[in-house]
Amino acid sequence: VIVHGVDAAQLGLADFYAGDPLDPLEVPAEFMDWRHATARQQSLLARRLTMSVGPRTALRYQERICGVVNFASLDYLGFARLREIADAQICALPEWGSGAAGVPLLTGMSEQHGGLEHELASLTGKSSAMLYSSGFAAAIGTCCALLRRGDVAICDDRTHMSWFDGIRMAGARLATFRHNDVASLAEVLERHEGARRVVIVDALYSMDGDFAPLERIVAVAKEHAVKIIVDEAHSVFADGPGGGGTISRLGLNGDVAVYMGTLSKALAMVGGFVAAAAPLVDYMRYYSHPYVFSGALPPALVAGTRRAVAIARTAEDRRRRLQENARYMRTQLAGLGLNIGNSESWIIPVIFGSRRDLLFEAAERLMRAGVYVVPVDFPAVPEDQVRLRVTVSAEHTRDDLDEGLNRIGDIVVPLLQ
Ligand SMILES: Cc1ncc(COP(=O)(O)O)c(C=O)c1O
């Protein structure tokens with residue numbers, strides 16, 4: 001027991017301090033106790049799939065293989081099983097080999113990488129783009145290349161962790177404003193008048209499924225002559241005409257200085273990118289350490305990604321199905337009396353407040369009933385807002401959605417009453 005009188009199994013990472021042993025390579029005893037006491041809850045995380053991602057898949061759970069309806073993957077457009085994308089990788093393999101065997105600035109670039117960067121620049125309406133091996137690396141790399149000690153990075157308080165880590169690595173100061181609150185942003189901008197400042201927001205929030213009020217954020221930032229970085233990880237390819245993201249849907253491409261996106265969600269591939277004006281991207285190629293000092297993506301995988309980008313550019317029908325499925329799921333979940341926060345998208349939280357015990361019980365029972373949803377705990381969300389995160393794909397059929405809704409109705413609704 002970590003805290004006297006409290007059942008350790010009820011604790012989350014926010015509830016105790018894992019002390020620092022003298023040896024930095026020693027695991028804190030408090031963490032080991034917690035890990036042991038919550039083994040059952042933790043076993044719900046990092047499930048191993050036994051087949052490809054899709055609206056219905058299978059995974060290993062407690063020595064069994066369970067078939068599940070999948071509301072946990074971020075395969076928004078349903079590309080994970082698209083034969084054409086797999087074929088593009090397979091075809092590229094004999095020509096391009098298995099890996100890039102080098103960092104991009106020295107030997108890791110190929111015509112495939114250059115071609116994809118060009119296509120991403122065109123997608124985002126920017127004159128240049130650079131590829132990273134992940135979206136996380138793109139966020140950290142952007143901060144480390146552009147921010148210095150004493151600079152102030154002004155972020156929505158729910159901006160993705162990669163930006164907070166990047167700002168810390170750059171040695172810049174982090175100033176947060178209240179989530180999606182433009183008046184709070186204006187206050188923070190005023191408070192830091194005189195410093196070198198930048199505003200960083202997500203277009204679509206990964207845990208809440210609500211969009212940033214980008215038009216108003218752009219207006220306030222402009223009033224203060226501060227530029228904006230937008231993370232489109234969950235919206236690029238899924239939102240906007242031609243998959244250009246929320247920025248394109250709102251016609252703000254010219255108002256956002258740095259457009260960051262990932263290839264690991266709607267495209268179901270891997271890698272991240274940053275798009276901006278060519279001189280800025282060129283500068284970042286020299287100062288962005290996760291780019292300069294890290295191996296480039298395998299060229300055959302990049303070839304597959306290029307195919308995926310090409311398909312996504314004209315996938316209006318998939319984007320429409322995604323919107324319809326997401327709207328149906330939101331309406332039905334809210335109709336069950338569940339708290340879905342301010343979700344407006346394909347990411348739909350079912351918020352449990354502080355009831356971590358119920359959250360894990362719900363996730364476990366849903367898994368047993370053949371519905372895969374992830375429980376999300378601190379630090380991914382505030383400790384009093386733990387939740388199931390339901391994600392929807394264009395490939396879910398109405399039957400898939402109804403099966404999930406019926407099980408959620410049977411299991412989650414009575415638990416939360
Ligand atoms: C908003 C946001 N930004 C960045 C990332 C990092 O992207 P990737 O998973 O491609 O590293 C994520 C992924 O979880 C995210 O949700």
- Using beta carbons and a limit of 6 Å, which pairs, at least six apart or on different chains, have the first residue in segment 116-140 and within 12 Å of residue 263 (Cα to Cα) and the second one acidic (Asp, Glu) and surrounded by fewer than 23 Cβ atoms within 10 Å (Cβ to Cβ)? 131/117
- Task: Please give the strands (runs of 3 or more DSSP E) falling wholly within segment 209-315 in which 3 or more residues are in contact (Cβ under 8 Å) with a residue 40 or more places away in the chain and within 16 Å of the ligand (Cβ to nearest atom).
- Result: 258-262, 272-276
- Task: All but one of (1) of a type in the set (Val, Ile, Thr); (2) within 25 Å of the chain's Cα centre (by Cα); (3) more than 30 Å from residue 292 (Cβ to Cβ) hold for residue 103, so report the exception by its number.
- Result: (3)
- Might you check whether a residue that is in a helix (DSSP H, G or I), within 11 Å of the ligand (Cβ to nearest atom), at pLDDT 95 or above and among the aliphatic types (A, V, I, L, M) occurs anywhere in segment 140-158? yes
- Task: Can you tell me which residue among 102, 115 is in a loop (DSSP other than H, G, I, E, B) and more than 16 Å from the ligand (Cβ to nearest atom)?
- Result: 102
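Yes or no, residue by residue, for (1) closer than 30 Å to residue 322 by Cβ; (2) of a type in the set (Gly, Ala, Ser); (3) at pLDDT 95 or above:
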| position | (1), (2), (3) |
| --- | --- |
| 72 | yes, yes, yes |
| 81 | yes, no, yes |
| 86 | yes, yes, yes |
| 90 | yes, no, yes |
| 97 | no, yes, yes |
| 103 | no, no, yes |
| 111 | no, no, yes |
| 118 | yes, no, yes |
| 122 | yes, yes, yes |
- Is there a residue being modelled with pLDDT of 95 or more, of a type in the set (Asp, Glu) and closer than 20 Å to residue 284 by Cα anywhere in segment 235-247? no
- When you go through 328, 283, 291, 287 one by one, which is the residue that is hydroxyl-bearing (Ser, Thr, Tyr) and buried (at least 23 other Cβ atoms within 10 Å of the Cβ)? 291
- Message: I'm trying to understand the selection: among the residues of segment 64-78, which are more than 16 Å from the ligand (Cβ to nearest atom), small (Gly, Ala, Ser) and surrounded by 18 or more Cβ atoms within 10 Å (Cβ to Cβ)?
- Response: 78
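The values are calculated or read from the model by the stated rules, or taken from the named source; none is laboratory data. Please read all numbers here as calculations on a predicted model, not as lab measurements. Positions of Cβ are backbone-derived with ideal geometry, glycine not excepted, and every protein chain shown enters the neighbour counts.
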